[in-house]
Amino acid sequence: QVQLVESGGGLVQPGGSLRLSCAASGSIFNINVMGWYRQAPGKQREQVAVITSYGITNYADSVKGRFTISRDNAKNTVYLQMNSLKLEDTAVYYCILRNPGAYWGQGTQVTVSS
């Protein structure tokens, strides 16, 4: 069994920053992919950013240059630093671990509002 615990969501004004964290526990292979998806009201869930255990990253075009994904392999934790937040970044953000099966966190709300 794998468990993912997310933290760091909240309310922020446009242009502000937030940092999300996701800690994984359980039966985790050394080689895996961790990352973040998001789902806004009325929209499909979309990939935001992912990172392999080797540190290779991939970002959605909409967040390139604003968001940075990183991980601490020793802690099985992935982070998402979100800067220059926009209204359209408002969504529930979900952590994912591909191990190789997909495991999801419970989601954390990010609201960007003035």
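Any read-out appearing in this document is the output of simple, stated calculations on the displayed coordinates, not a laboratory observation. The shown structure was predicted, so the numbers you read here are calculated from the model rather than taken from an experiment. No Cβ is skipped: glycine too gets one built from the backbone with ideal geometry, and neighbour counts run over all protein chains shown.
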Checklist outcome for this item: the chain -> Rg/Rh from Cα coords, Kirkwood Rh, value 0.95
Checklist entry - In debye, nearest 20: dipole of the chain around its Cα centre with unit charges on the Cβ of K, R (+) and D, E (-)? => result 60 debye
Checklist entry - Can you list the residues, at least 5 places off or on another chain, whose amide H is less than 5 Å from the amide H of LYS86, using H built in the peptide plane? => result GLY15
Item to check | Local electrostatic count at MET82 - Lys and Arg +1, Asp and Glu -1, tallied over other residues with Cβ under 11 Å | outcome: +3
Checklist entry - Share of antiparallel DSSP beta bridges in the chain, in percent to the nearest 5? => result 95 percent
Checklist outcome for this item: Filtered hits (aspartates and glutamates, Cα-Cα < 19 Å from LYS86, offset >= 8 within chain) -> GLU46, ASP61
Checklist entry - Could you work out Rg/(2.2 N^0.38 Å) for region 4-49, with Rg from alpha carbons only? => result 1.43
Next on the checklist: Between LEU11 and THR57, how high is the FRET efficiency from 1/(1 + (r/R0)^6) when r is the Cβ-Cβ distance and R₀ = 30 Å? Nearest 0.05.
Outcome noted: 0.65
Next on the checklist: Quick check: residue separation of ALA102 and ASN83 times 0.36 nm, minus the Cα distance between them. What number comes out in nm?
Outcome noted: 4.1 nm
Checklist outcome for this item: For LYS75, the lysines lying under 29 Å Cα to Cα, once residues fewer than eight places off in the same chain are dropped, come out as LYS64
Checklist outcome for this item: If each K or R counts +1 and each D or E counts -1, the residues other than VAL12 whose Cβ falls under 15 Å of its Cβ total +2
